[in-house]
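Asks: Below are the structure tokens for one structure; questions will follow.
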Amino acid sequence: MTNEQRTQVAIIGAGPAGLILARLLACAGIDSIVIERRDRAYVEHRLRAGVLEQTTVDLLRSAGVGERMDREGLVHEGLYLQFDGARHRIPLRELTGGRAITVYGQHEVVKDLIAARLAGGDEIVFEADDVRVIDIDRDHPTIRFNIDGYPFAWLGILAQTPPSLDELIYAHHERGFALHSMRSPELTRLYVQCSPDDTLDAWPDERVWEELHLRLSTRDGWTLHEGPVVEKSITQMRSYVVEPMQYGRLFLAGDAAHVVPPTGAKGLNLAAADVKVLAEALVERYRTGRTDLLESYSATCLRRVWRVEHFSWWMTTMLHRAPGDDAFDHRLQLAQLRYVCGSRAAATSLAENYVGLEHV
Ligand code: PHB
């Protein structure tokens, strides 16, 4: 069935970018439709990262969708970098003038946004097939596409057990990277670096726990809690940017425009930053007829996109072991990690990027 409906803004995709944009526009009295290829259960249960920057938390609150996040989200004032069998805390709040991150699953954000939209009487078209964009008028559109794959992936598990530490641990280890994160006081989220060619068959639970114990252990006898594995999946690592993020009247935001490796936990946060800029530009267009903010949308967003691509790449290369790495590469990583943990200036640089640079 072909559907024709008039609206002010058509949004393709009910992920965080599409749903936050729809919400920001609704708050400003602008009408939109949201079209999504998958069904509601799929988008509400697709497990993704769970770290919200301070900037994203502020944006969700100001859009009136922060209530459950404020109740259930876990505020973290620091994180740990681990290398050489010892853990070093980066005090995010202290280094950034009071800013922090909130651990709250991306699919929880998506659920809150869907509920708010439906409660407001607005629709989301799920399971839409064959979505096409027609008549995007522009004389000489260019789309530049950069893609950079990494020679490793992450095997992630969700385990029914309380987190083994109250904050995140990013661990560098000669066997490869590992990450300790969480979803709630009862659910731990853990990752180990694996090969991009690995399948889940190669990673029975016992092997995952064995690697996690090896990579996350410290010399002071700390122990990792085990528990039933309730979810297991492999995440590939990629970086890409589409430049410009606009094609005629089509504006790209979130994963449609860029993907970052998960090491900086930036995917959702970058999507939120894009649509904040886009919502302001659309509001101006509908209120005053002025299009200058829309015209500068791509350039404005790309400044942040490239900063975040760089931060994510930097965290990734500092913490992972690439297949051809030798002792020299390993020593360079350790030198960088020691510097980040030993220098207030270097730690501040990590912290301000991690909690999120101010929105423009
Ligand atoms: C997660 O909790 O899933 C998570 C946390 C931090 C990351 C990536 C993923 O950098």
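The values are calculated or read from the model by the stated rules, or taken from the named source; none is laboratory data. All figures in this text were calculated on a predicted structure; none of them were measured in a lab. Don't worry about glycine lacking a Cβ; one is built from the backbone with ideal geometry, like all the others, and counts go over all protein chains shown. SASA here: full protein model, heavy atoms, side chains in, ligands and nucleic acids out. Shrake-Rupley method; radii C 1.70, N 1.55, O 1.52, S 1.80 Å.
Asks: Return the residue satisfying two criteria in turn: it lies in the range 138-153 and is open to solvent by 50 Å² or more (accessible area, probe 1.4 Å) and part of a loop (DSSP other than H, G, I, E, B), and of such residues it is modelled with the highest pLDDT.
Replies: Here is the first cut: in the range 138-153, the ones open to solvent by 50 Å² or more (accessible area, probe 1.4 Å) are 138-140, 142-149, 151.
Checking the rest, the ones that are also part of a loop (DSSP other than H, G, I, E, B) come to 138-140, 142-143.
Values: 138: 59, 139: 57, 140: 57, 142: 62, 143: 57.
Across the range 138-153, the extreme among qualifying residues is 142.
Asks: Could you say whether any residue in the range 74-94 is among the aromatic types (Phe, Trp, Tyr) and either in contact with a strand residue (DSSP E or B) (Cβ under 8 Å, 6 or more places away or on another chain) or within 16 Å of the ligand (Cβ to nearest atom) (or both)?
Replies: Our first condition is that a residue be among the aromatic types (Phe, Trp, Tyr); within the range 74-94, this holds for 80, 83.
Then drop every residue that is not either in contact with a strand residue (DSSP E or B) (Cβ under 8 Å, 6 or more places away or on another chain) or within 16 Å of the ligand (Cβ to nearest atom) (or both), which leaves 80, 83.
Within the range 74-94, one or more residues are among the aromatic types (Phe, Trp, Tyr) and either in contact with a strand residue (DSSP E or B) (Cβ under 8 Å, 6 or more places away or on another chain) or within 16 Å of the ligand (Cβ to nearest atom) (or both).
Asks: Ok, one more. Can you tell me which residue is farthest from residue 20 (Cα to Cα) among those in the range 101-137 that are surrounded by 12 or more Cβ atoms within 10 Å (Cβ to Cβ) and among the small types (Gly, Ala, Ser)?
Replies: That would be 128.
Asks: Something else about it: Please count how many residues of the range 70-90 are in contact with a helix residue (DSSP H, G or I) (Cβ under 6 Å, 6 or more places away or on another chain) and part of a helix (DSSP H, G or I).
Replies: Result for the range 70-90: 0.
Asks: Are there any pairs, at least 6 apart or on different chains, whose C-beta atoms fall under 9 Å, with the first in the range 154-170 and closer than 12 Å to residue 224 by Cβ and open to solvent by 10 Å² or more (accessible area, probe 1.4 Å) and the second of a type in the set (Phe, Trp, Tyr) and not in a strand (DSSP E or B), and if so, which?
Replies: 164/222; 165/222
Asks: Can you tell me which of 189, 175, 183 is among the basic types (Lys, Arg) and away from the ligand (no atom under 13 Å from the Cβ)? Explain how you work it out, then say what you get.
Replies: Details: 189 fails: away from the ligand (no atom under 13 Å from the Cβ); 183 fails: away from the ligand (no atom under 13 Å from the Cβ).
Selected residue: 175, the only one of 189, 175, 183 that is among the basic types (Lys, Arg) and away from the ligand (no atom under 13 Å from the Cβ).
Asks: Among the candidates 154, 222, 203, which residue alone is away from the ligand (no atom under 16 Å from the Cβ) and closer than 30 Å to residue 341 by Cβ?
Replies: Working: 154 fails: away from the ligand (no atom under 16 Å from the Cβ); 203 fails: closer than 30 Å to residue 341 by Cβ.
The conditions single out 222.
Asks: If I filter the range 260-289 down to residues being open to solvent by less than 20 Å² (accessible area, probe 1.4 Å) and of a type outside the set (A, V, I, L, M, F, W, C), which single residue comes out as farthest from the ligand (Cβ to nearest atom)?
Replies: Among those residues, the one meeting the criterion is 274.
Asks: Shifting gears a bit: Quick one: in the range 204-244, which of the residues that are among the aliphatic types (A, V, I, L, M) and open to solvent by 30 Å² or more (accessible area, probe 1.4 Å) is nearest to residue 272 (Cα to Cα)?
Replies: Going through the range 204-244, the residues among the aliphatic types (A, V, I, L, M) turn out to be 208, 212, 214, 216, 224, 229-230, 234, 237, 241-242.
Subset that is open to solvent by 30 Å² or more (accessible area, probe 1.4 Å): 214, 229-230, 234.
Working: 214: 36, 229: 30, 230: 29, 234: 24 Å.
For the range 204-244, the residue satisfying everything is 234.
Asks: If you don't mind, there's one more thing I want to ask. Hey, could you check the range 290-319 for residues that are outside any loop (DSSP other than H, G, I, E, B) and among the polar types (S, T, N, Q) and say which is surrounded by the most Cβ atoms within 10 Å (Cβ to Cβ)?
Replies: Among them, the one singled out is 312.
Asks: Tell me which residues, restricted to the range 245-255, are open to solvent by 40 Å² or more (accessible area, probe 1.4 Å) and modelled with pLDDT under 95. Step through it out loud before you land on a result.
Replies: Restricting attention to the range 245-255, the residues satisfying the condition of being open to solvent by 40 Å² or more (accessible area, probe 1.4 Å) are 247, 249-251, 255.
Those that are open to solvent by 40 Å² or more (accessible area, probe 1.4 Å) and modelled with pLDDT under 95: 247, 249, 250.
Asks: Take the range 46-66 and flag every residue that is touching a Lys or Arg at 6+ places or on another chain (Cβ under 7 Å), under 28 Å from residue 231 (Cα atoms) and either away from the ligand (no atom under 16 Å from the Cβ) or part of a loop (DSSP other than H, G, I, E, B) (or both).
Replies: Within the range 46-66, the first condition is being touching a Lys or Arg at 6+ places or on another chain (Cβ under 7 Å), and the residues that meet it are 50, 54, 59, 63, 65.
Cutting the leftovers down to under 28 Å from residue 231 (Cα atoms) gives us 50, 54, 65.
Those that are touching a Lys or Arg at 6+ places or on another chain (Cβ under 7 Å), under 28 Å from residue 231 (Cα atoms) and either away from the ligand (no atom under 16 Å from the Cβ) or part of a loop (DSSP other than H, G, I, E, B) (or both): 50, 65.
Asks: Might you let me know whether the range 179-190 holds any residue that is within 18 Å of residue 106 (Cα to Cα), of a type in the set (Val, Ile, Thr) and open to solvent by less than 10 Å² (accessible area, probe 1.4 Å)? Even if it seems obvious, please write down each step before you answer.
Replies: We begin by selecting, within the range 179-190, every residue within 18 Å of residue 106 (Cα to Cα); these are 179-190.
Checking which are of a type in the set (Val, Ile, Thr) leaves us with 188.
Cutting the leftovers down to open to solvent by less than 10 Å² (accessible area, probe 1.4 Å) gives us 188.
Looking through the range 179-190, at least one residue is within 18 Å of residue 106 (Cα to Cα), of a type in the set (Val, Ile, Thr) and open to solvent by less than 10 Å² (accessible area, probe 1.4 Å).
Asks: Sticking with this structure for a sec: Looking at the range 309-333, I want the residues that are away from the ligand (no atom under 13 Å from the Cβ) and have a partner that is at pLDDT below 95 with Cβ atoms under 6 Å, at least 6 apart or on another chain. Which pairs are those?
Replies: As it stands, the answer is 309/239; 322/151; 323/151, since those pairs meet every condition given.
Asks: Moving on. Taking the range 335-345 on its own, how many of its residues are of a type in the set (A, V, I, L, M, F, W, C) and buried (at least 16 other Cβ atoms within 10 Å of the Cβ)?
Replies: 3
Asks: Got at least one residue in the range 3-23 being away from the ligand (no atom under 16 Å from the Cβ), in contact (Cβ under 8 Å) with a residue 40 or more places away in the chain and in contact with a Ser or Thr (Cβ under 6 Å, 6 or more places away or on another chain)?
Replies: Yes, because at least one residue in the range 3-23 is away from the ligand (no atom under 16 Å from the Cβ), in contact (Cβ under 8 Å) with a residue 40 or more places away in the chain and in contact with a Ser or Thr (Cβ under 6 Å, 6 or more places away or on another chain).
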